[in-house]
Amino acid sequence: MKVRVRFAPSPTGKLHLGNARTAIFNWLFARHSQGSFVLRIEDTDKERSKPEYEAQLIETLRWLGIDWDEGPNKKGNFGPYRQSERLHIYQEYIQRLLREEKAYYCYCTEEELETERQLCLKKGLPPRYSGKCRYLTEAQKREYEKQGRQPVIRFKVPEDEVVIFEDLIKGKMRFFSNDIGDFVIVRSNGIPAYNFAVVIDDILMQITHVVRGEDHLSNTASQYLLYKALGFTPPQFAHHSLLLAPDRTKLSKRHGAVSVEEYRKEGFLPQALFFYLATLGRGAQKEIWDRKQLVKRFDLKMAGKGNAIFDKKQLLWVNKQLLRALPLEDVSSYAQPFLPEADKGLLKKFVALVRENVSTLKEMADLWPIFNTSKIALSKQAIEALKNPEAQMVLSLFYEALKTGQNDYEAILHEIYQKTQFKGKNLMLPLRIALTGVNNGPQLHAIFEYLPHEWLVSRLKAALNLVRQS
Ligand code: GLU
């Protein structure tokens, strides 16, 4: 049977790293098994879903290099792929459950439900709906309707049933139906709730494997009961571990940046986020695999079982490696949005100069003024570092040589060495600081190559003046 998986985001905000990880697992699983990857937009929450969030989600997935075989704005045999466009489809199944008395209208108000909840908690019981609207008479229903109450539809959870399924990652799972209260399948606005719509869609879209975070496990138990009530064979389930913060709680906003977009803005490459999220559960990686290798080696259990503690330092390491390793052309095009004004040819030269010295594209962009504007400002600290007589000697010897028009920089360095016996840091560091204002960065010879000769001359002159005046 051909594998069909889906990623089903709700367009209620930016794509969270945890959800991106779910998308990546599904995508890798589909590509690994030559199956289909479906994108389904779960936009039934009318208040929170927004078309601009959907557009942003799609853009973010594309940026991550995730493509889909079926989805909104893409042809497929199982569409539409937006739940808000599938409302008519759900009707048939809702009516069937009502007809077969497997579902019922519930007229309880928010306040009544809250009172019930508090009562359960007081008794030390998990809060669940008592099922009191199961037994309403027609007259009672009419009375409630007269009062203007808008009913929801609840699923009648069968008593004393045990839900057992074999999770592909977590192994055997067991739930008792008596722990599950009659849950809402259609809200009072007539729109199906998640647990219901997801079952109908997964069946009609012929999804073979549902791969999602383990925070959905209790939903799966409810969904299992629905599959059974509707006479459907459920897909296989795989619940992966959640993305945790270093304090081992679910990664959330209070831990800092959590959306893919924020990392994109910070200057991470999509390949870095993709690789890092794909392999996080496997422990620290020493070698970075490209997408082809990731597809080839993907193993749902390995990827989804382990603890996944998000470590930004590790992600930075991956990003740094990839900034060096990816084709220059690609890194330059990822750098372009950070330096929109930069000329393409010059940008490429610049990226080649600095890419080994930075961990993010943003850090790279921060270096742009040093190498691409004629003047630099030297900090107090920099001037201080150039004050010693040895440094001044190196600077003025280099400056004198440049002034005579010499441009064989290696030869000049060699001459200075012969005169002063300074080498290594003593020779290089003053020049580096005078020319760039900072004490680390690209190789000195690369800096000489990159900066126009007249800038070398003017920067050395400016540095010497400042040091002498101070
Ligand atoms: N819309 C749900 C979510 O974003 C999908 C969960 C699922 O994969 O079933 O959490």
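The values are calculated or read from the model by the stated rules, or taken from the named source; none is laboratory data. Note that the coordinates shown come from a computational prediction; the quantities given were computed from them, not determined experimentally. Here the Cβ is made from the backbone with ideal geometry for all residues, glycine too, and neighbour counts use every protein chain on show. In case anyone asks, the SASA skips ligands and DNA or RNA and just uses the protein heavy atoms, side chains included. Shrake-Rupley method; radii C 1.70, N 1.55, O 1.52, S 1.80 Å.
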> So for the chain, taking the charge dipole from beta-carbon charges (+1 Lys/Arg, -1 Asp/Glu), which of Leu277, Val258, Ile200 sits furthest toward the positive end?
Replying inline: Leu277
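By average Cβ neighbour count within 10 Å, what is the ranking of 136-149, 430-443 from highest down?
Values: 136-149: 11.6, 430-443: 19.9.
Most protected by this proxy first, the peptides run 430-443, 136-149.
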> Applying 1/(1 + (r/R0)^6) with R0 = 45 Å to the Cβ-Cβ distance of Thr208 and Lys344, what FRET efficiency is obtained, to the nearest 0.05?
Replying inline: 0.50
>> Applying a 10 Å radius around every beta-carbon, put 367-373, 330-336, 251-257 in order of their mean neighbour count, most first.
In response: 330-336, 367-373, 251-257
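Work out the length of the dipole vector of the range 4-107 about its Cα centre, built from +1 on the beta-carbon of each Lys and Arg and -1 on the beta-carbon of each Asp and Glu, and round it to the nearest 20 debye. Walk me through the intermediate numbers first.
Values: 17 positive and 14 negative charges, 42 e Å.
My answer is approximately 200 debye.
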> Ignoring ligands, DNA and RNA, what percent of the accessible area of the range 195-300 is carbon or sulfur (1.4 Å)?
Replying inline: 51
>> So for each of 353-361, 402-410 I average, over its residues, the number of other beta carbons within 10 Å; can you give me the resulting order with the highest mean first?
In response: 353-361, 402-410
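Which value, in debye to the nearest 20, gives the size of the charge dipole of the chain about its Cα centre, when Lys and Arg are +1 and Asp and Glu are -1 at the Cβ? Display every interim value, and only then the final one.
On the way: 70 positive and 56 negative charges, 122 e Å.
With only Lys, Arg, Asp and Glu charged at Cβ, the dipole is about 580 debye.
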>> Per q in 0.10, 0.14 Å⁻¹, report the Debye log10 I(q)/I(0) for the chain, using one uniform scatterer on each alpha carbon and no solvent.
In response: -0.84, -1.30
>> What whole-number distance in Å separates the alpha-carbon centres of the range 432-467 and the range 373-424?
In response: 8
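Tell me the per residue accessible area of the range 147-257 using a 1.4 Å probe; a whole number in Å² is fine.
Values: 4680 Å² over 111 residues.
That works out to 42 Å² for each residue.
So if we plug the beta-carbon distance of Ser177 and Lys313 into 1/(1 + (r/R0)^6) with R0 = 41 Å, what FRET efficiency do we get, rounded to 0.05? Please report the intermediate quantities before stating the final value.
Details: r = 45 Å, r/R0 = 1.10.
Taking R0 as 41 Å, the efficiency between Ser177 and Lys313 is 0.35.
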> Given 0.36 nm per residue, what is the gain on full extension from Ile89 to Asp290 after removing their alpha carbon distance, in nm?
Replying inline: 68.3 nm
> Expressed as a whole percentage, what fraction of the accessible surface of the range 117-157 belongs to carbon and sulfur atoms when a 1.4 Å probe is rolled over the protein heavy atoms?
Replying inline: 52
> Within straight cross-link reach of Lys141, meaning Cα distance under 18 Å, which lysines are found once same-chain residues fewer than 8 apart are removed?
Replying inline: Lys102, Lys132, Lys156
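Would you mind counting up the charge near Ala238? Only other residues with Cβ under 14 Å from its Cβ, with Lys and Arg at +1 and Asp and Glu at -1.
Working: positive: Arg4, Arg6, Arg21, Lys170, Lys172, Arg212, Lys301, Lys305; negative: Glu166, Asp167, Asp202, Glu214, Asp215, Asp299.
Here the charged neighbours net out to +2.
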>> Check the chain for me: any Cys whose beta-carbon has no other cysteine beta-carbon within less than 4.7 Å?
In response: Cys108, Cys120
